[in-house]
Amino acid sequence: MVLDDSPAASREPSPMHRRASVTIWHDLECGSYTADLPLWRELARAAGIGEHAQPLLDIGAGTGRIALDLASRGYRVTAFDLDAELLTTLRERAEAAGVELETVCGDARELDLLHRDFAVCLVPMQTIQLLGGSAERLAFLARAREHLRDGGLLACAIVSQLDAFDCAAGDVGPSPETARFDDVHYVSRATRVYVGARSVQIERERTILSAEQAGAGMQAPVEHNVVELDRVSATQLRHEGHEVGLSNAGTRTIPATRDHVGSEVVLLRA
C-alpha cells in the first residue's frame, strides 16, 4: 500500500502519469516479495479448484502480486484495494495474462460486497496493521466475518518484531531497492525504523533519476515516504477476532528473507 503519491512537480501530473508512478513505487517496494506465496497457495487449496471452487478474497491486493498468482492457478479470486490506480493496473495485467478475476475498490473497514460466501479471506503484507488502531481493526474484522461462509478462514499477516535503526545517526539500513523503466532510475531506500509503544514508523527516501542525470552524476530530488504500522500481537488480534465472532484457528509463520523480515499469520475461523 502506497501512502504517498509521486514527487511534487511544477504542474499537476496527468492521471496516466500518476498511475504509472504509483504502480512503479508499489511494485518496487512490495511486488518482488514471494516468501508468503506458498502459504497463500496452501490455504487456497482448501477452497478447491475448478467448477466447484469456493471464492477467495484478497484484501490489499495492490497490483495483483497474490491475486494474479492464485487466479492463474484456477482459483476464484476477488481482489480488493483502496487504490483505484493499482486495481486498474491489476486488471490490465490480468487481461494480458488471460486470467479471470474480480476487482473491487474500497475501504476494508467498510467492506460491503455482493458476495458473502468467501471460503478464504487473505490479508497479507501487514495490511491489517495499516488500518489505524484497534477500533478500526474491529470494524474490518466484523465486516470480514460477515463476508465469510460458515467455517471460512480469515488469514492476517502481521509483523510484531522490527529492529529500530536510523541511518541519519550512523546506523546501516537495508540495501536500496532499485528499478529502471524507460531509461528512468527509481530508487527506494529505507532510512529509519522507529518503534513506539503503539506504532512502528518506517521511513523511506525515494528518488527518480533519468539516465542522463545518472550518467552525469547528478543528485536527484528526494521524496520522503512514511508508513505507519499499528503494533499488534497475535494474541491481541485473536482477542479482537473473538469479539466479532471469529474463533482461533492457529498461527503460521512466514520466515524472514535476506531483504524482508519474517511475519506471523493469524488464522481466524468464521
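Where both partners of a DSSP beta bridge lie in the chain, what percent of those bridges are antiparallel, to the nearest 5?
If we restrict to bridges inside the chain, about 70 percent are antiparallel.
Go through 221-229, 72-80, 84-92 and give me the packing order, highest mean Cβ count within 10 Å leading.
Top of the packing list down: 72-80, 84-92, 221-229.
If r is the Cβ-Cβ distance from residue 182 to residue 115 and R0 is 35 Å, what FRET efficiency results, to the nearest 0.05?
Efficiency computed from Cβ-Cβ geometry: 0.35.
For residue 236 and residue 32, compute 0.36 nm times the residue count separating them, minus their Cα-Cα distance, and round to one decimal in nm.
Length difference between fully extended and current span is 70.5 nm.
Tell me the angle of helix 234-243 to the major Cα principal axis of the chain, expressed in degrees between 0 and 90 and rounded to the nearest ten.
Between helix and principal axis, roughly 50 degrees.
For the pair residue 202 and residue 243, what calculated FRET efficiency results from E = 1/(1 + (r/R0)^6), where r is the Cβ-Cβ distance and R0 = 30 Å, to the nearest 0.05?
0.60
What is the spin-label model distance, in nm, from residue 172 to residue 46 if the labels are put 7 Å beyond Cα along the C-beta direction?
With each label placed 7 Å out from Cα toward Cβ, I get 4.2 nm.
Would you mind ranking 36, 182, 81, 107 by Cβ crowding within 10 Å, fewest neighbours first?
The order, fewest Cβ neighbours first, is 182, 107, 36, 81.
Provide 111, 56 in ascending order of the number of other Cβ atoms located within 10 Å of each residue's Cβ, fewest first.
Result, fewest neighbours first: 111, 56.
What number, rounded to the nearest 500 deg cm²/dmol, is the helix-based mean residue ellipticity at 222 nm of the chain, given -39500 (n - 2.57) per DSSP H run of at least four residues and division by all its residues?
Taken over the chain, the calculation gives -7500 deg cm²/dmol.
Between residue 73 and residue 107, what length in nm is gained on full extension when 0.36 nm per residue of separation is reduced by their alpha carbon distance?
Net length gain for the segment: 9.5 nm.
Round to the nearest 10 and give me the degree value, 0 to 90, for the angle of helix 134-147's Cα axis relative to the longest principal axis of the chain.
Long axis of 134-147 versus the principal axis of the chain: about 50 degrees.
Taking the simple approach of a point 7 Å from Cα along Cα-to-Cβ for both residue 226 and residue 92, what is their distance in nm?
Going by the 7 Å Cα→Cβ label model, 3.2 nm.
Can you work out the FRET efficiency for the pair residue 213 and residue 162, with r the C-beta to C-beta distance and R0 = 22 Å, to the nearest 0.05?
0.05
To test your reading of the geometry: what angle, between 0 and 90 degrees and rounded to tens, separates the Cα axis of helix 84-97 from the longest principal axis of the chain?
80
Computed from these coordinates, which is log10 I(q)/I(0) by the Debye sum over Cα atoms at q = 0.08, 0.11, 0.14 Å⁻¹: [x] -0.40, -0.69, -1.05; [y] -0.34, -0.64, -1.03; [z] -0.44, -0.77, -1.07?
[y]
Loop only per DSSP, at most 14 neighbouring Cβ atoms within 10 Å: give me the trypsin sites (Lys or Arg not before Pro) in segment 202-270, ordered by residue number.
Taking segment 202-270 and a limit of 14 other Cβ atoms within 10 Å, the loop trypsin sites (Lys or Arg not before Pro) found are 258.
Each value in this text was obtained by applying a stated rule to the coordinates, not by laboratory testing. Values in this document were obtained by computation on a predicted structure and should not be read as measured data. Please note: Cβ atoms are built from the backbone with ideal geometry, for glycine as well, and neighbour counts cover all protein chains shown.
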